[in-house]
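The values are calculated or read from the model by the stated rules, or taken from the named source; none is laboratory data. Since the structure is predicted, the reported quantities are computational estimates derived from the model, not experimental observations. Positions of Cβ are generated from backbone atoms using ideal geometry, with glycine treated the same way; all protein chains shown enter the neighbour counts. For the accessible areas, the whole protein counts, side chains as well, though only heavy atoms, and no ligand, DNA or RNA atoms are used. Shrake-Rupley method; radii C 1.70, N 1.55, O 1.52, S 1.80 Å.
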Amino acid sequence: MKTGIRRRMGVEQRREQLISVALELFGHRSPDDVSIDEIAAAAGISRPLVYHYFPGKQSLYEAALSRAAQELSALFEEPREGPLGARLLRVMRRFFDYVEEHGTGFAALMRGGPAAGSGRTCAMIDGVRRAAYAQMLGHLGIPAPGPRLDLALRSWISLTETTALLWLDGRRIPRGELELQLVHAFAALAAVSAAYDDDMAAVLHRILEDEPVHGPFSDLVNRLGGVASQPQPQPQPS
């Protein structure tokens with residue numbers, strides 16, 4: 001049966017199959033702990049045939065991560081129309097669609113890259129972050145960010161990445177709530193920077209100026225107002 005399947009698969013089909021199998025295995029364990037024999041067995045082919053398509057495990061690993069990186073980078077593309085809060089929420093929904101559907105591949109890219117000991121894999125991870133950073137600058141309409149905006153954007157991208165990885169481990173917070181919370185986190189980071197910098201204050205003002213009453217950023221303002229207005233518990237007399 002396996003021989004028949006092998007004949008029906010073309011070169012690109014077989015390569016794609018091996019890449020998918022590799023992402024699955026690398027997502028669960030460190031790449032150093034996954035053998036070519038395991039990859040071959042999972043793909044239903046022989047060990048020599050794996051080497052026919054890829055010269056070694058590192059080559060297969062990099063091909064798998066390259067595909068995951070390209071798919072992730074494309075998730076941050078969004079038409080630059082309408083309020084920023086709604087745009088970011090759509091991006092977060094697509095991002096978590098990918099994380100939920102391809103959790104193992106996402107974990108392999110973000111956790112497994114450095115373990116493979118290759119500068120190329122680390123460069124792929126950085127490429128995803130740079131793509132997200134460039135898209136955010138485009139949404140803000142700021143080609144040359146100042147140091148505080150640069151810090152806020154990089155911090156938010158790092159937070160988004162870490163949050164997704166932690167969410168995969170148990171999924172203890174409802175996904176929709178987490179997506180909205182990350183949009184709120186961007187506004188919060190921008191607001192903190194605005195308290196220290198006039199340029200960031202102008203950026204924040206422009207963002208909020210276009211925000212509708214029922215938008216994600218307005219929702220954050222209402223939530224914070226509700227928290228601030230709640231009576232604080234009084235200390236009990238000793």
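Helix 11-28 and the longest principal axis of the Cα set of the chain meet at an angle near 60°. Taking the Kirkwood radius as Rh and the Cα radius of gyration as Rg, the stretch 1-110 has a ratio of Rg/Rh equal to 1.10.
Looking at the stretch 7-106, the trypsin sites (Lys or Arg not before Pro) that sit in a DSSP loop and have at most 15 other Cβ atoms within 10 Å of their own Cβ are R29, R80.
Its Cα centre serving as origin, the stretch 33-105 has a Cβ charge dipole (Lys and Arg +1, Asp and Glu -1) of approximately 180 debye.
Need one word for the stretch 189-229: rounded, prolate or oblate. Basis is the Cα gyration tensor (sqrt eigenvalues a ≥ b ≥ c); a/c below 1.5 gives rounded, then a/b vs b/c decides. Here the stretch 189-229 falls in the oblate category. Shown in residue order for the stretch 88-100 are the 3J(HN,Hα) couplings computed by the Karplus curve 6.51 cos²θ - 1.76 cosθ + 1.60 at θ = phi - 60°: 5, 5, 5, 4, 5, 5, 5, 4, 6, 4, 5, 4, 6 Hz (x for Gly and Pro). Using only the Cα atoms of the stretch 90-201, each taken as one equal point scatterer with no solvent, compute I(q) by the Debye sum, divide by I(0), and report log10 of the ratio at q = 0.20 Å⁻¹. Scattering profile of the stretch 90-201, log10 relative to I(0): -1.14.
Here the stretch 58-207 is assigned +1 on the Cβ of each Lys and Arg and -1 on the Cβ of each Asp and Glu. Its dipole about the Cα centre then comes out at about 120 debye.
For the stretch 25-93, what is the accessible area per residue in Å², given a 1.4 Å probe and the full set of protein chains?
Values: 3110 Å² over 69 residues.
With the other protein chains kept in place, the stretch 25-93 gives 45 Å² per residue.
Note on H102: accessible area is roughly 70 Å² with a 1.4 Å probe, heavy atoms of protein only. Could you state the angle between the C-alpha long axis of helix 103-112 and the longest principal axis of the C-alpha atoms of the chain, as a value from 0 to 90 degrees rounded to the nearest 10? So the helix axis and the longest Cα principal axis differ by about 90 degrees. Note that the stretch 111-192 presents 48 Å² accessible area per residue, ligands and nucleic acids not counted, probe 1.4 Å. Note: relative contact order over the chain, using C-alpha pairs below 8 Å and six or more positions apart, is 20 percent.
Structure remark: mean-square fluctuation, Gaussian network model of the chain, C-alpha springs under 10 Å; the largest value among A132, A22, A43 belongs to A43.
All other residues whose Cβ lies under 13 angstrom from that of R80 are scored, Lys and Arg at +1 and Asp and Glu at -1, for a net of -2. Annotation for S35 and Q58: the two label points, set 7 Å from Cα along the Cα-Cβ direction, are 2.1 nm apart. A straight chain from R154 to V213 at 0.36 nm per residue would run longer than the Cα-Cα distance by 18.4 nm. For the stretch 123-167, the share of alpha carbon pairs falling in successive 5 Å distance bins from zero is 5, 20, 30, 25, 14, 5, 1 percent. Where only DSSP H runs of four or more residues are counted, the chain gives -24500 deg cm²/dmol as its mean residue ellipticity at 222 nm, each run worth -39500 (n - 2.57).
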